[in-house]
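The values are calculated or read from the model by the stated rules, or taken from the named source; none is laboratory data. The shown structure was predicted, so the numbers you read here are calculated from the model rather than taken from an experiment. Every residue, glycine among them, receives a Cβ derived from its backbone with ideal geometry; neighbour counts consider all protein chains shown. Note: areas computed on protein heavy atoms with side chains; ligands, DNA, RNA excluded. Shrake-Rupley method; radii C 1.70, N 1.55, O 1.52, S 1.80 Å.
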Amino acid sequence: MKQLSFTSMLRRSLVHRRARSLSALVALTVSAAVATALLTLYADLNAKLHKEFRNFGANVVVTASASSPLPPNALAQIQKAAGTDALVAPFAYAVATTDRGTSVVVAGTDFPAVQRLDAWWDLAHWPAAPDAALLGDHAANFIADEHAVKLTYAGKAITLAGAGRLKTGGDEDSRIYIPLAAFTQWTGIGPTVIELQVPGGAAAVEAALTRLRAQFPTLQIQPVRQLVEGESRIVDRTHSLMYGSVLLIALTVAVSVLATLSASVLERRRDFALMKALGGSQTQLMGMFLLEALVLALAGVVLGYIVGSAAAWAISQANFHTATLPRLSVLPLVLLLNITIAAFAALFPVRVLRGLQPAALLKGE
C-alpha cells in the first residue's frame with residue numbers, strides 16, 4: 001500500500017500539475033540540449049578548426065641561400081620530415097623584365113600544390129597549361145598583353161599564355177607565377193623556398209620544426225608565428241567559450257528548476273503534511289520528491305540529447321560544411337549534468353520538507 005501511495009503521489013505531481021512539471025522539463029531539456037550540442041561539437045572541434053586554418057596557407061617556411069642550397073630531392077625529404085599529411089609547395093624566384101621594360105618578380109611553382117596550400121587565393125581558375133602565367137593584380141599593370149605575357153631574364157626571353165589575375169592583398173599581387181618546370185628551364189634557377197602547412201596546433205608545428213631543423217641544419221626554417229599563435233589562441237578561446245556557455249546555461253537552468261520545485265513544494269505542503277500524519281517517514285517524503293526531480297532530469301536528457309545532436313549537426317554543416325554525427329560518448333556527461341542540476345535545485349525544497357509541521361498545516365495555520 002505504501003508503494004502504491006508513493007507512486008500515486010508521484011504521478012499526481014507530474015500529471016495533475018502539468019504547468020510546473022512542464023516548466024522544469026523544458027528547462028532541463030534546454031540544459032541537456034545545449035550540453036549535448038557543445039560537447040558533440042567539442043569532440044571533433046580541433047580537427048575542424050585545424051582544417052579551416054589550412055585554408056590560410058603556410059605556417060612553416062623553409063628558405064635556402066646561395067651558400068646553403070636545397071639538397072637534391074629536398075621536396076620529398078621535407079615532406080617526409082614534416083609528415084605525410086603536411087601540404088608542401090616549392091617556389092623559385094627571379095627578377096625579370098616585362099615587354100614594357102619594367103622589372104617584376106617572377107615565381108616558379110607547382111600550381112596543383114599551391115592550390116591545395118593556398119586555397120584562399122582569389123582567382124577565377126587555377127592554371128593547368130605548362131606555359132601558363134598567373135598575373136598578380138598589380139603586376140598585370142606592367143604587362144602590355146595579358147594574353148601573351150613576354151618576359152626577359154638574363155637576355156633570355158619567354159612568352160607565356162596569360163591565365164588570369166590573382167588577388168590576395170599581399171606580396172603575391174606584385175608577382176607573376178609560372179610553372180616551376182618552365183621557370184627552371186628559362187632561368188636555370190631551382191626552388192629556394194618551400195612553404196608548408198603542418199596540420200595540428202602549436203605543439204604539432206613545433207614538433208615538425210624540430211624534425212626539420214635536425215635534418216636540415218643549414219637551411220633557415222621558420223614558423224609563420226602569426227598563423228601558428230593565432231590558431232592556438234582561437235582554439236583555446238573556443239574551448240573556454242564552450243565551457244563557459246555550458247556552465248552559464250547550467251546555472252540558469254538550476255535557478256529556474258529551483259524556483260519550480262520550490263513552488264511545487266509550497267503548493268503541496270498539505271499533501272506532504274497528510275502523508276507525515278498518516279505515518280510517512282521523512283525519508284519517504286524526501287525520496288519521493290527527489291525521484292520526481294530525477295524523472296524530470298532523465299526525461300530532459302532524452303529530449304535534450306535528440307535536440308542537441310540535431311543542433312550540433314546543423315551548426316557543423318553550416319559552419320564547417322561537414323556533418324557532426326551524434327556521439328553516445330557525451331550522453332553520460334549530459335546525464336551527470338542534468339542530475340547534478342536537479343539535485344542542486346532540490347536542496348532548498350528538501351529543507352522545506354524537513355521543516356513541515358503536520359499538525360499546524362492540517363489545522364490551517
Can you work out which of the residues in region 169-189 that are in contact (Cβ under 8 Å) with a residue 40 or more places away in the chain and open to solvent by 30 Å² or more (accessible area, probe 1.4 Å) is farthest from Gln77 (Cα to Cα)? Ser174
Cβ-Cβ under 6 Å, sequence separation 6+ or interchain: first residue in region 247-266 and surrounded by fewer than 19 Cβ atoms within 10 Å (Cβ to Cβ), partner at pLDDT below 75. Which pairs? Ser262/Phe348; Ser262/Pro349
Only one of Phe320, Phe272 that is surrounded by 20 or more Cβ atoms within 10 Å (Cβ to Cβ) and at pLDDT below 70: Phe272
Considering only region 1-96, give the helices (runs of 4 or more DSSP H) lying wholly within it that have at least 2 residues that are at pLDDT below 85. 2-11, 18-43, 45-53
Residue among His147, His138 that is open to solvent by 50 Å² or more (accessible area, probe 1.4 Å) and in contact with an Asp or Glu (Cβ under 9 Å, 6 or more places away or on another chain): His138
Would you pick out the residues in region 82-135 that are of a type in the set (Ser, Thr, Tyr), touching a residue at least 12 places away in the same chain (Cβ under 8 Å) and open to solvent by 50 Å² or more (accessible area, probe 1.4 Å)? Tyr93, Thr97
Looking at this structure, is Leu353 crowded, with 17+ Cβ neighbours inside 10 Å, modelled with pLDDT under 75 and within 24 Å of Ala254 (Cα to Cα)? yes
Here are Glu206, Glu195, Glu172: which of them is touching a helix residue (DSSP H, G or I) at 6+ places or on another chain (Cβ under 8 Å) and charged (D, E, K, R)? Glu195
